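The values are calculated or read from the model by the stated rules, or taken from the named source; none is laboratory data. Every value quoted in this text rests on a predicted model; they were computed, and no experiment measured them. With ideal geometry, Cβ positions are generated from the backbone for all residues, glycine too; neighbour counts draw on all protein chains shown. Remember, those area values only see protein heavy atoms, side chains included, never the ligands or the DNA or RNA. Shrake-Rupley method; radii C 1.70, N 1.55, O 1.52, S 1.80 Å.
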Amino acid sequence: MTEVERQNYDVVVIGAGGAGLRAAIEARQRGLTTAVICKSLFGKAHTVMAEGGCAASMGNVNSNDSWQVHFRDTMRGGKFLNNWRMAELHAMEAPDRVWELETYGALFDRTEDGRISQRNFGGHTYPRLAHVGDRTGLELIRTMQQKIVSLQQEDKAEFGDYEAKLKVFQECTITELLKDDSGAISGAFGYWRESGRFVLFETGAVIMATGGIGKSFQVTSNSWEYTGDGHALAMRAGASLINMEFVQFHPTGMVWPPSVKGILVTEGVRGDGGVLKNSEGKRFMFDYVPDVFKGQYAETEEEADRWYTDPDNNRRTPDLLPRDEVARAINTEVKEGRGSPHGGVYLDIASRMPAEEIKRRLPSMYHQFKELADVDITAEPMEVGPTCHYVMGGIEVDPDTGESTVPGLFAAGECSGGMHGSNRLGGNSLSDLLVFGRRAGLGAANYVESLERKPVVLQSDIDTAARAAVSPFEPSESEGARENPYTLQHELQQTMNELVGIIRTADEIERALGRLAEIRARVRNVVVEGHRQFNPGWHLAIDLRNMMVVSEAVAKAALLRTESRGGHTRDDFPMLDSDWRNKLLVCRASGDDAVVPDVSVERKDQVPMRQDLLELFELSELEKYYTEAELTTHPAAQGDTA
Amino acid sequence: MSSYQGQFRVWRGDSDGGSLEDFEVEVNEGEVVLDIIHRLQATQTPDLAVRWNCKAGKCGSCSAEVNGRPRLLCMTRMSLFEKDEVITVTPMRSFSIVRDLVTDVSYNYEKAREVQAFTPPGKLQPGEYRMQQEDVQRSQEFRKCIECFLCQDTCHVVRDHEENKLAFSGPRFLMRIAELEMHPLDAADRRDTAQDDHGLGYCNITKCCTEVCPENIKITDNALIPMKERVAGRRYDPVVWLGNKLFKRGK
Amino acid sequence: MTATDTGVHAPPRPRLPVPSLRTDRWWVPPLLTVVGLSIFVIYATFRAFQQDYYWVGDYHYLTPFYSPCMSNGCLEGAAHFGRFLPDHPLIPYAALSLPFLLLFRLTCYYYRKAYYRSFWLSPPACAVPEPHTRYTGETRLPLILQNVHRYFFYAAVIISVINTYDAILAFHSPDGGFGLGLGNIILVTNVVLLWCYTLSCHSCRHVTGGRLKHFSKHPVRYWLWTKVSALNTRHMEFAWITIGTLILTDLYVFLVASGAIADPRIIG
């Protein structure tokens, strides 16, 4: 029998980024005992990397903005594959969630009349992003961290213990979700990174808020934590994932020097006036406005430049097209030989505004380039190229409650799927975290309160989970070389980057699947040195299993979707296909390997959009995405036939 | 691309003891010390413990000491050093050791929890907050803090005196108090608690916190000294004291 | 408690063989500070008690070390505000201003940093252990008195006004009319820099606007605060520069008054 520390909570939140913290705040405010578990130190989550802002249609800068406009922008950005109910809830609730942060102590940049200032961003019709310079994510995470402290201070006053109701378990990794015999969540099993000792959380509800999968790609803006833990754990617990083929490559990551390749350059640079240029000095984005966006973007440089000061009478610059479009354009420019010396393109803000202004508006970008690349962005252009940034796919959840297909398992933020469709707009992730973090917290609270009895953890499950966790220390007797986890991780990242990256073909994806199968076999032979106390080799060996599973889900879904849409571009099927618009690809675990299961993918139809939402769009726009049969209910279409 | 063999000396050990171990490892152009630590992990010492996350100077995880100076490993470029220089990497020395370059930073989280949270103004509803940019700017500077705890590590008040950890919250959290004190809508008066509960008086403004701050926050000039001045105004200003006595103002 | 079981050598800390691994010459800045401050203190003490060569009657040059000159021993022309202090070798002629100027600098946030680091080695340099086993900072007497810096700032403002008055009176020629010489340029430069040092003080920054919670409600004080803040970033520079100009100004008056050199005249 395995010795484990036992913890007992009403709700367990895995992940302490924006979504996790918001969920925890909500569950605690409902009076439930809540645990927050994170792999890193508290406050270091990847949310701190979000720079540009948090989208919410408060209308502080342009009063024409409304949730309907935000909803439309979000659906367009996602190429109408989004879960419309999520997009609706998101657009409606985002302003309240932002205002709420102010009551927690957040200090956003202000407008002249003292409201929260909002900035322009790709795909957003109006200035919509609440921001703090270019460190908005840090502000969000710190604000919620401090809100948690504030709740703990209340508990201290009432119960004499800061951690009476809400406790953060930092540097703790969950390796397994446990279920009772009815199939409902009963607990989560993991280990303390510091000591390597096991810990069991007995709980009725688990909220996944583990973020993304970017670490499966070589060039990424994501940190080591982004190994798809939530995706993989949920899948192994029987939940389904959707939209895994859609991976967002942020158009502007650093490309030089090699050690910082992939680090994010905020879209705020373009929102504030920065422009993309190729090696010939040409603003090439004017050549890449796709048909579906024709007429919505400026056609001359003069008009684009006027738009910054007079947005009502001019159209926006195509530098601010949705991210997938810009990333593909940069990719093409580089491929056709018009790239910068280190394989990117130029992002120029230096010639667009005075040095002092740049330092004031983009302090951390200035700092980042100065310190890491020795480039002064107030004097010379940056070199940028696409970097893996975000996965639109994730755990399939109920839009209103965040509950997955497994009872008691909830998800919010990047590890949940559906909200962003095939491509996420910049600024929509921070608002996503807040809106659905809160909803998942509420959903879990309601679920736990409705339980008649607390699900029970089986000892045999604990023993199995413990064995799986320490297996890398015990090389199997059988055949096969002893594998180094660092080497395997590198090969996996290379495979995904080269073969399932920004531009895909059936041939390449199949090759990737072949290589993944080979790596999967070797993952079983991973051996780590040393002992269990803070051993990064061991930590990686465990994370690697999750990376393996999510990489397979991405590749398999990408192979099936024979069209190009948002974050999924098939060179062999370069066009948007209306027949694919309402099709979701659902990934599930299959096979008998419990630790690194096989992935099966099947198609599923989306629920059609509610009529009143459908009517928010012009028929002419919908026709670019929908099949004719789907649009017969639109009033304009009925007008045609009448 | 030029690369060379760098000479590294890394502290390895735990609470039972440890030692500086020498390594020779490849260094490429444009790399930072954290890259080298990762290369060591991948090629020579797979279980070398180090904290890191974003590798872009935004999360404040990879705090350690390089050649005796508190630094972020991800923001310490190798071009700072001579090629034949021995680069010594050690854990932060103000905190308890866990393993190798990883220290127990719980002191900071305990202190964070003792700072009274933002106290919202009673009458305002969410969405009704109005603040001017010039009024939030001072606190915004302090909110750039990435909580790398290098200032806490370098501050001699606790670095050289373990026993002061009880009474002294350190520059990071005195700055947090200053941030709230300057927050235009915070309803609490934090001057007494800064002095009595968080040990502002221990600070002798020798500015090492400012020197090591990777975010270039002027901790001493903009947070600690203004806070000391506010405390002085409340506690040590004879005119104010007399006025309070005569007119029975204040607490 | 001994020095070996506290601080960086306390048992829970990583056990390293040496107190500091810094490889740079960290001891240079504190050493320079000791040298610089010592020179000033020795020179100033000598001059304050010399009670001679502080006034150039022809041109009305008065050294700042003797301003305001209030002792019965003061030369008549040098005493702009009357003479009432007893004339005694241990009472400097400017005994009403010098203590305040000394205390203004002694409690100055920059000088505190400078001498805590260099004279008291607390700490000598960042991440270099200090040699003391106990440390209470400015929490108790006498160092808690550093908190009254603000009052010495107010005094320093008054004395700066007097110095300015002295510098204006010094535009004087032997025939009683307007005069201008090298000494005037030196006196004026010194006064301007003294103002820069005084107004860049952290206490000044606090009283002009720093103490406000809402800048937006006090536009004039906010404007003042931004100007003082800009000066304040150079407070350390002004602290050193004014040490230099004080010595230089005083030395110049000393040399002219003693007849060692003649003041090059431009007018009169």
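Counting only protein heavy atoms, probe 1.4 Å: which residues of the stretch B:152-171 lose 10 Å² or more of accessible surface in the full assembly compared with their chain by itself? So the qualifying set is B:THR154, B:HIS156, B:ARG159, B:ASP160, B:HIS161, B:GLU162, B:GLU163, B:ASN164.
Rolling a 1.4 angstrom probe over the protein heavy atoms with all chains in place gives the stretch A:293-360 an accessible area of 47 Å² per residue.
Grab the Cα-Cα distance for A:GLU336 and A:HIS490, subtract it from 0.36 nm times how many residues apart they are, and report the gain in nm with one decimal.
Gain on stretching A:GLU336 to A:HIS490: 52.6 nm.
Under the shape rule built on the C-alpha gyration tensor, where the axes satisfy a ≥ b ≥ c, the stretch C:62-101 is oblate, since a/c reaches at least 1.5 while a/b does not exceed b/c.
Nearest 10 degrees, 0 to 90: what angle lies between the long axis of helix A:506-523 and the longest principal axis of chain A (Cα atoms)? The answer is roughly 30 degrees. Taken over the C-alpha atoms, chain C has Rg and Dmax values of 22.4, 78 angstrom. The angle separating the long axis of helix A:536-560 from the principal Cα axis of greatest extent in chain A is about 50 degrees.
For Cα pairs less than 8 Å apart in space and 6+ apart in sequence, what is the mean separation divided by the residue count of chain C, i.e. the relative contact order in percent?
22 percent
D for the protein assembly as shown, whole µm²/s, Stokes-Einstein with Kirkwood Rh over alpha-carbon pairs at 37 °C and 0.692 mPa s: what number? Translational diffusion coefficient: 101 µm²/s. On a 0 to 90° scale, report how tilted helix C:149-169 is relative to the longest principal axis of chain C, with both axes built from alpha carbons and the result rounded to the nearest 10. Tilt relative to chain C: about 30 degrees.
Give the relative contact order (percent, whole number) for the stretch A:175-228; include only Cα pairs under 8 Å separated by 6+ residues.
23 percent
Based on the Stokes-Einstein relation at 10 °C and a viscosity of 1.306 mPa s, and on the Kirkwood radius from alpha carbon pairs, the stretch C:116-268 is assigned a translational diffusion coefficient of 85 µm²/s. Averaging the sequence gap over all C-alpha pairs within less than 8 Å and six or more residues apart, then dividing by the number of residues, gives chain A a relative contact order of 20 percent.
Starting from the exponent 0.38 and prefactor 2.2 Å, build the expected Rg for the stretch B:155-251 from its residue count and divide its actual Cα Rg by it.
Dividing the Cα radius of gyration by 2.2 N^0.38 Å gives 1.16.
Interface residues of the stretch B:183-210, defined as those losing at least 30 Å² of solvent-accessible heavy-atom surface relative to the isolated chain (probe radius 1.4 Å), are listed as B:HIS183, B:PRO184, B:GLY201, B:TYR202, B:ASN204, B:ILE205, B:THR206, B:CYS208.
Partners of A:LYS165 within straight-line reach, counting aspartates and glutamates whose Cα lies under 14 Å from its Cα and excluding those fewer than 8 residues away in the same chain: A:ASP10, A:GLU26, A:GLU154, A:ASP155. Pairs over the 18 Å Cα-Cα cut-off, from the set A:LYS261/A:LYS359; A:LYS44/B:LYS58; B:LYS123/B:LYS144; A:LYS179/A:LYS556: A:LYS261/A:LYS359; B:LYS123/B:LYS144; A:LYS179/A:LYS556. Annotation for the stretch A:391-476: trypsin sites (Lys or Arg not before Pro) lying in DSSP loop with at most 14 further Cβ atoms inside 10 Å of their Cβ are A:ARG453. A straight Cα-to-Cα reach below 13 Å connects A:LYS277 with the aspartates and glutamates A:ASP287, A:GLU301, A:ASP319, A:GLU333, A:ASP348, A:GLU380, A:GLU383, residues fewer than 8 places away in its own chain not being considered.
Each other residue within a Cβ distance under 11 Å of C:PRO64 adds +1 if Lys or Arg and -1 if Asp or Glu, for a net charge of -1. Ligands, DNA and RNA aside, C:VAL157 has an accessible area near 40 Å² when probed at 1.4 Å. Accessible area buried by the pairing of B and A, both sides summed with a 1.4 Å probe, works out to roughly 5400 Å².
For the listed peptides A:562-572, B:11-21, C:128-138, a ranking on the average number of other beta carbons within 10 Å per residue, highest first, reads A:562-572, C:128-138, B:11-21. Shielding value for C:108-118 is 3, the average number of Cβ atoms from other chains within 10 Å of each residue's Cβ. What does the C-alpha gyration tensor say about the overall shape of the stretch C:44-140? Classify as rounded when a/c is under 1.5, otherwise prolate if a/b is larger than b/c, or oblate. Taking the square roots of the gyration eigenvalues as a ≥ b ≥ c, the stretch C:44-140 is prolate. The value for the stretch A:427-497 of Rg(Cα) / (2.2 N^0.38 Å) is 1.88.
Would you mind telling me the share, in percent, of accessible area of the protein assembly as shown contributed by carbon and sulfur at probe 1.4 angstrom?
Carbon-and-sulfur percentage of accessible area, whole number: 54.
The C-B contact accounts for approximately 5000 Å² of buried accessible area, totalled over both chains at a 1.4 Å probe radius. Run the numbers on the stretch B:27-48: which residues show a drop of 20 Å² or more in accessible area, chain on its own versus all protein chains together, using a 1.4 Å probe over heavy atoms? Residues meeting the cut-off: B:GLU29, B:GLY30, B:GLN41, B:ALA42, B:PRO46, B:ASP47. Solvent-accessible surface of the stretch C:123-250, averaged per residue with a 1.4 angstrom probe and all protein chains in place: 43 square angstrom. Listed by chain and number, the aspartates and glutamates whose alpha-carbon sits under 18 Å from that of A:LYS215, ignoring those within fewer than 8 places in the same chain, are A:GLU225, A:ASP229, A:GLU245, A:GLU414, A:GLU491, A:GLU498, A:ASP543, A:GLU552, B:ASP35.
Shape class for the stretch A:274-378: oblate, because the ratio a/c of the largest to smallest gyration tensor axis (alpha-carbon atoms, square roots of eigenvalues) is 1.5 or more and b/c is at least a/b. Rolling a 1.4 angstrom probe over the protein heavy atoms with all chains in place gives the stretch B:107-170 an accessible area of 33 Å² per residue.
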